[in-house]
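The values are calculated or read from the model by the stated rules, or taken from the named source; none is laboratory data. If you're wondering where the values come from, they're calculated on a predicted model, not measured in any experiment. Ideal geometry is used to build each Cβ from the backbone, glycine not excepted, and the neighbour counts take in all protein chains shown.
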Amino acid sequence: SSDVTQDPAVSVALGQTVRITCQGDSLRNYWASWYQQRPGQAPRLVIYGKNNRPSGIPDRFSGSSSGNTASLTITGAQAEDEADYYCHSRYSSGDLQVFGGGTKLTVL
Amino acid sequence: EVQLVQSGPEVKKPGESLRISCKGSGYRFTSYWISWVRQRPGKGLEWMGKIDPSDSSTNYSPSFQGHVTISADKSTSTAYLQWSRLRASDTAIYYCATPLFTTVPNPRDYWGQGTLVIVSS
């Protein structure tokens, strides 16, 4: 199956740790990427590959994977981390791609 | 500087045709495929398909196959997303994006600014 599923919403207290998860069969074969999207902005890549951050992404963002589940962890969440987060994966021999439904992160 | 610059907003009627564009600059356009991503109002990201500008080969999400056409003109470094008959449900922001640029000191991908398409009678 090509579907990857995410919890619709997650909240975290300021400075605490939050994990956002993504599940799907394709994640057994392909690393997930994670995108952050703030209102009115284009998505921004925050994690790719096993656990890699593009330049400029704070090291409080990290990624992990086990079986059919990928996770994005924010250690010490900040107010500016409040956004929608999308996992992204490939499937069908890598030719096709899919986004999860997105998780709205609220920082309390 | 790598940039993807998309065409401006569009307001169309159901049944009309439309082509929007995404112009790449600052890199070798034929070295990286271009994806198109839809985002309906208040909704999530949906991957539509991609094109390899070097040979114009395409892959489409099953959800979009047959309803849109992705093309590219490598002479102008421009990718296109086209509809022959728009529907109201096509109202969305459409983004073009590159894959991860891995052969650079700081790997990253690039996104266009988005094109708003409104389809309404």
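Looking only at residues in the range B:30-46 that are more than 15 Å from residue B:80 (Cα to Cα) and within 9 Å of another protein chain (Cβ to nearest Cβ), the one that is surrounded by the most Cβ atoms within 10 Å (Cβ to Cβ) is B:45.
In summary, residue B:101 fulfils each of the numbered conditions (1) among the aromatic types (Phe, Trp, Tyr); (2) over 14 Å from the mean Cα position of the chain (by Cα); (3) at pLDDT 95 or above with the single exception of condition (3). Going by what's in this entry, would residue B:121 be described as modelled with pLDDT of 95 or more, farther than 19 Å from residue B:10 by Cα and either at the interface with chain A (Cβ under 9 Å from one of its Cβ atoms) or in a loop (DSSP other than H, G, I, E, B) (or both)? Criteria not met by residue B:121. Figure legend. Inter-residue proximity from the range A:33-55: first residues surrounded by fewer than 16 Cβ atoms within 10 Å (Cβ to Cβ), second residues assigned to a loop (DSSP other than H, G, I, E, B) and of a type in the set (S, T, N, Q), beta-carbon distance below 7 Å, spacing 6+ or different chains. Indicated pairs: A:55/B:106. Could you check the range B:45-65 and list, in sequence order, the residues that are more than 16 Å from residue B:24 (Cβ to Cβ) and part of a strand (DSSP E or B)? Residues satisfying the conditions are B:45, B:46, B:47, B:48, B:49, B:57, B:58, B:59, B:60, B:65. Against the test of being of a type in the set (Lys, Arg) and within 11 Å of the chain's Cα centre (by Cα), the options A:19, A:90 yield a single qualifying residue, A:19.
If you go through the range B:26-52 and keep only what is in contact with a Leu (Cβ under 8 Å, 6 or more places away or on another chain) and farther than 11 Å from residue B:96 by Cα, you end up with just B:39.
Checked against (1) farther than 17 Å from residue A:23 by Cα; (2) part of a strand (DSSP E or B); (3) more than 14 Å from every other protein chain (Cβ to nearest Cβ), residue A:45 meets all criteria but (3). For the range B:77-102, a residue qualifies if it is closer than 18 Å to residue A:33 by Cα and either surrounded by fewer than 14 Cβ atoms within 10 Å (Cβ to Cβ) or away from chain A (no Cβ under 14 Å) (or both), and exactly one does: B:102.
Can you tell me which residues in the range A:55-98 are in a loop (DSSP other than H, G, I, E, B) and closer than 18 Å to residue A:30 by Cβ? Matches in the range A:55-98: A:67, A:68, A:92, A:93, A:94, A:95. Checking each residue in the range A:1-15 for being in contact with a Leu (Cβ under 9 Å, 6 or more places away or on another chain) and within 14 Å of chain B (Cβ to nearest Cβ) picks out A:2, A:4, A:9. Against the criterion of being crowded, with 18+ Cβ neighbours inside 10 Å and touching a residue at least 12 places away in the same chain (Cβ under 8 Å), residue B:74 does not qualify.
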